[in-house]
Structure formats: structure tokens, C-alpha cells
Amino acid sequence: MRNLYLFFRKHYFYFLFLLLETVSLILLFNYNQFQNAAVYTWSDQAAGTVNGMFRNISEYFSLRSTNRVLTEEIAQLQSRMPEAFYMADTATFFVKDTMYRSEYRYIAARVLSNTTNKRNNFIMINKGRMHGVQTSMGVVIGNRLVGQVVGVSRHFSWVMSLLNKDSRISAKFKKNNQLVNVEWSGGNYRVGSVKEIPKHFEILPGDTIITSGNSEIFPEGVLVGTIKDFTVLPDENFNSARIVFSTDFNSLGYVEVVVDMMKMEKEELKNSFQSK
Amino acid sequence: MTVRNSIRFIGLVLLQVLILNHISLGGYVNPYLYVLFILWLPFSTERWVLLLSAFLLGFSVDIFSNTLGLNAAASVIMAFARPFVISMISTGTDFEPTSRPSIRGQGMRWFLPYAVTLVLLHHFVLFYLEVFRFSEFFPTLLRVLLSSAFTLGLVFLAEYLTVRKR
């Protein structure tokens, strides 16, 4: 017994090292990004408060680009106002018609911290459970894709940016609805990759990629990016292409969380067929 | 000594999470200057203090960048390697146990391999744990090398900025 004690005492440095390293790796692999994001709400709150204070100052330095983004968004919204449309036939369309139910609601949120330089990037926003944000909701800016909520605390949320190795967007070509997957393979934060494009399908630089609306996270038609160039892989079943993201991830000031108000209904319908 | 190290700890964590985490050159290069804390601990630091403070350092940075465990793992490995690196490169060198490693105290021929080995080790562990994929081996290696160069540049800058005061 005494020898055992002496042994531990002599080599405590190694044991302490192993202990701390194991703790770190357990934290890394268990309590990361996903389902367990709720575990560290307290650290979330602390980080949110400090980041928020710093953001209050640093915001002034990006006023110009924030303004530009907001103006663009206003322009886009104005083009959707009823006044912007030419009324071809006044008898067919009523705003309060029961045929038109709003399906999506948007929660505006301020970006507190954001990175683009890591392999796995996250964004912290200042809206949380209190404001109706829940995990796996989509996040957009205007009509452009930003990411997906992965962790929610009372006042803040963590958003997994599109710039993340675990981010996988179900998207499609605007011109013919061909379904593809969009990923980010690191490096330049403006450029991502499009996977699983069938061989027979003709790609042109400049083709627009939008969300497919299949995932119940984003509405259909949110802009993802435009094709930059592509490679033909003779030995594989699919081609792949590079895409320039529509969103400038380096100048995010305000974003919107997408709330799908018919999500419950969609899931119930799905479950009713999967119950066996 | 403890007070000075504590202030250094807090200062470096804040510098890292508020400013350096947002710096990137070409999407590849980010500096992790917070490791300077481990490099600068006095020679006489108890080894358990070394490990524990490295863990807390990494853990604090992790909390602010939503990478729980990542920086902690890299820092602990770096702290673990520090005594071995020191004993390996210090044959024949004598130093006061209360002083901290510095260019002025031990000379460039001592400090350069000391800092390069430890920073490279830290960045290597950090970037590969973050990516955790072998398919991106070479792009990650490039990130390790470029980021280490950036961090080391800042470490030497800090060395020269503080050399007059002592």
C-alpha cells in the first residue's frame, strides 16, 4: 500500500496529465456543438455578457457595412410590398384570404460574436429561449443563408455557421430543381463546395443555388450562392463544384431566426406514417 | 509573482477571445498568443501548478469560443511537454529558478527552440483535434505551420516589448 502511494507520488505529474487530458477530451467529444449544447448554459451566459459588452464598442467600427446590408435588405423588402406590384387583376387577391396563411415568422437578432477563421465556426446571437428561439431553427440574413441554431440558453443562442464541418445544407439548382448538398471544406470563407451533382447534369458558372425547403429548417428559395467553377471527376458517380456564398460571413451585424409555424403539423404528419 | 501571473492570465485570455480570435489572414492563419502564459511561467513553477493553470487557461478560452475542451487539451499537452523540452535544451545552462524563460535571460539560442517546439506542438494538437479528419491532412498542416509562425512572431514581439522593463 505504501509502495503504491509512493509510486503515485513519484509519478503524479503523469497521472495528473492523463487526468486533465482525459477531462478535456471528454468535454470536447461529449459536450460539443449539438444536442448537449444546453449543458453549459452558465458558461453561455457569461460568454454572452462579455461578448456583448465588447460588441457594443466594436459595432461602431463596422457601421458602414452594417448600414449597407440593412439598406439592401430594406430595398429587397420594399420590392415585396403590395405597392411594388402591378395589379393585373384586382379581383383575385385578398391579403386576408384564408388561402394565404403565413408559414414563417422571423425573429431579428444581433450578432454578439462570430468567427470565420476556424474550421468550425459559430455565431452567438442575443435572442434565446425567452424570445422563442429553439434548437435546429434556421438563421438567415435577408434572403441569404447563415446557419442553424444548435444551442439555446435563456437570453442567447449559439448558431452553427454554414462555415462548419458539420454543416450540410440541402439545396437545389434554381434553374431545374436538381437537389444537391452544400458544404464548406475550410480555408476561404467565401467559397464552399457543392457535392453530389449527377453526371448527366450540365453546370454553368453563375448558376444559382437555393435551399430546397426539404429540411424543414429553411424556407424554400433562400439564397446559398452561385457556382464559381466545377470539376468533372471521371471515376466517380457524381461531379462536384465550387460555390461563392451569397452571405458575407465576415460582416454579419443583424440576422433573423426563421420560425416555421407549421413545423408541428409537418412533424405530426410525418410521425403518423412512421409510428410502426 | 502569483499576482503578476494572474494578471497575465486574465489579460491574455481577454486579448485572445476579444481580439485575436477575430483575426484571420486568408482564412488560414489565426494566432493563439494565449500560450505565452505557459511559455512565461517561472522555472520554479510546481509541475502540478503548471498543468492545472494550463488547463484553466485553455478552458477559459474554450468557454468564449464554444470549443469546450479543445484549447484545454492542447494547452495541457503543451504544459506537460514543457519540463521535458527545458531539460532537453538546457544542458550546461544554469538559471535562477525564480526567473522566467526569456531571450534576455537564456539567450536566443535557448529561447528559439524552446518557443518553437512548444508552440508547434500546441498548434498541431489544436488544429488536428478541431478538424478531426485525415482527408484534410495537408490543408491542416499548412494552417498549423502558418499559424505557428504568426503566433511565434507575436511571442517574440512580446519578448522585445517587455525586455526593457526588467
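On the basis of being more than 14 Å from every other protein chain (Cβ to nearest Cβ), among the aliphatic types (A, V, I, L, M) and out of contact with any Cys (no Cβ under 6 Å at 6 or more places or on another chain), does B:Ile89 make the cut? Answer is yes for this residue. Only a single criterion out of (1) buried (at least 17 other Cβ atoms within 10 Å of the Cβ); (2) at pLDDT 85 or above; (3) closer than 20 Å to A:Arg168 by Cβ is not satisfied by A:Glu256, namely (3). Screening A:Ser170 with (1) crowded, with 16+ Cβ neighbours inside 10 Å; (2) more than 14 Å from chain B (Cβ to nearest Cβ); (3) touching a strand residue (DSSP E or B) at 6+ places or on another chain (Cβ under 7 Å); (4) within 12 Å of A:Glu256 (Cα to Cα) gives one miss only, at (4). Selection of segment B:65-104 for residues being of a type in the set (S, T, N, Q), more than 18 Å from B:Leu12 (Cβ to Cβ) and buried (at least 24 other Cβ atoms within 10 Å of the Cβ) yields only B:Asn66. B:Thr98 meets the conditions (1) in contact with a Leu (Cβ under 9 Å, 6 or more places away or on another chain); (2) more than 9 Å from chain A (Cβ to nearest Cβ) in every case but one. The failed one is (1).
Looking only at residues in segment A:122-165 that are assigned to a loop (DSSP other than H, G, I, E, B) and closer than 23 Å to A:Lys228 by Cβ, the one that is modelled with the lowest pLDDT is A:Gly142. Residues that are surrounded by fewer than 24 Cβ atoms within 10 Å (Cβ to Cβ) and of a type outside the set (A, V, I, L, M, F, W, C) within segment A:122-147 comprise A:Asn126, A:Lys127, A:Gly128, A:Arg129, A:His131, A:Gly132, A:Gln134, A:Thr135, A:Ser136, A:Gly142, A:Asn143, A:Arg144, listed in sequence order. When B:Val116, B:Val49 are screened for being at pLDDT 85 or above, closer than 28 Å to B:Pro139 by Cα and assigned to a helix (DSSP H, G or I), only B:Val116 passes.
Do we find that B:Ser75 is polar (S, T, N, Q), away from every other protein chain (no Cβ under 13 Å), closer than 21 Å to B:Leu152 by Cβ and in contact with a helix residue (DSSP H, G or I) (Cβ under 9 Å, 6 or more places away or on another chain) in this structure? It is false that B:Ser75 is polar (S, T, N, Q), away from every other protein chain (no Cβ under 13 Å), closer than 21 Å to B:Leu152 by Cβ and in contact with a helix residue (DSSP H, G or I) (Cβ under 9 Å, 6 or more places away or on another chain). Within segment B:31-45, does at least one residue satisfy the condition of being touching a residue at least 12 places away in the same chain (Cβ under 8 Å), within 12 Å of chain A (Cβ to nearest Cβ) and of a type in the set (Val, Ile, Thr)? So far as segment B:31-45 goes, no, none of its residues is touching a residue at least 12 places away in the same chain (Cβ under 8 Å), within 12 Å of chain A (Cβ to nearest Cβ) and of a type in the set (Val, Ile, Thr).
Scanning segment A:13-32 for residues that are closer than 21 Å to B:Asn66 by Cβ and aromatic (Phe, Trp, Tyr), we see that the one that is nearest to the other protein chains (Cβ to nearest Cβ) is A:Tyr31. Could you give every pair whose Cβ atoms fall below 7 Å, whose first residue belongs to segment B:71-88 and is under 17 Å from A:Ile26 (Cβ atoms), and whose second residue is among the acidic types (Asp, Glu) and part of a helix (DSSP H, G or I), counting only separations of at least 6 or pairs across chains? Matching pairs, first to second residue: B:Asn71/B:Asp62; B:Ala72/B:Asp62; B:Ala73/A:Glu21; B:Val76/A:Glu21; B:Ile77/A:Glu21. Residues in segment B:144-166: is at least one within 20 Å of B:Ser44 (Cα to Cα), of a type outside the set (A, V, I, L, M, F, W, C), in contact with a helix residue (DSSP H, G or I) (Cβ under 9 Å, 6 or more places away or on another chain) and assigned to a loop (DSSP other than H, G, I, E, B)? Looking through segment B:144-166, at least one residue is within 20 Å of B:Ser44 (Cα to Cα), of a type outside the set (A, V, I, L, M, F, W, C), in contact with a helix residue (DSSP H, G or I) (Cβ under 9 Å, 6 or more places away or on another chain) and assigned to a loop (DSSP other than H, G, I, E, B). Of all residues being over 17 Å from B:Leu152 (Cα atoms) and in contact with a Phe, Trp or Tyr (Cβ under 6 Å, 6 or more places away or on another chain) in segment B:14-30, which is farthest from the other protein chains (Cβ to nearest Cβ)? Just the residue, please. Selected residue: B:Val17. Of the residues making up segment B:19-46, those that are under 23 Å from B:Gln106 (Cβ atoms) and outside any loop (DSSP other than H, G, I, E, B) are B:Leu33, B:Tyr34, B:Val35, B:Leu36, B:Phe37, B:Ile38, B:Leu39, B:Trp40. Does A:Val180 satisfy the criteria of being modelled with pLDDT under 90 and either assigned to a strand (DSSP E or B) or more than 11 Å from chain B (Cβ to nearest Cβ) (or both)? Against the criterion (modelled with pLDDT under 90 and either assigned to a strand (DSSP E or B) or more than 11 Å from chain B (Cβ to nearest Cβ) (or both)), A:Val180 qualifies.
The values are calculated or read from the model by the stated rules, or taken from the named source; none is laboratory data. Please read all numbers here as calculations on a predicted model, not as lab measurements. Cβ sites come from the backbone with ideal geometry, for glycine too, and all protein chains shown count toward neighbours.
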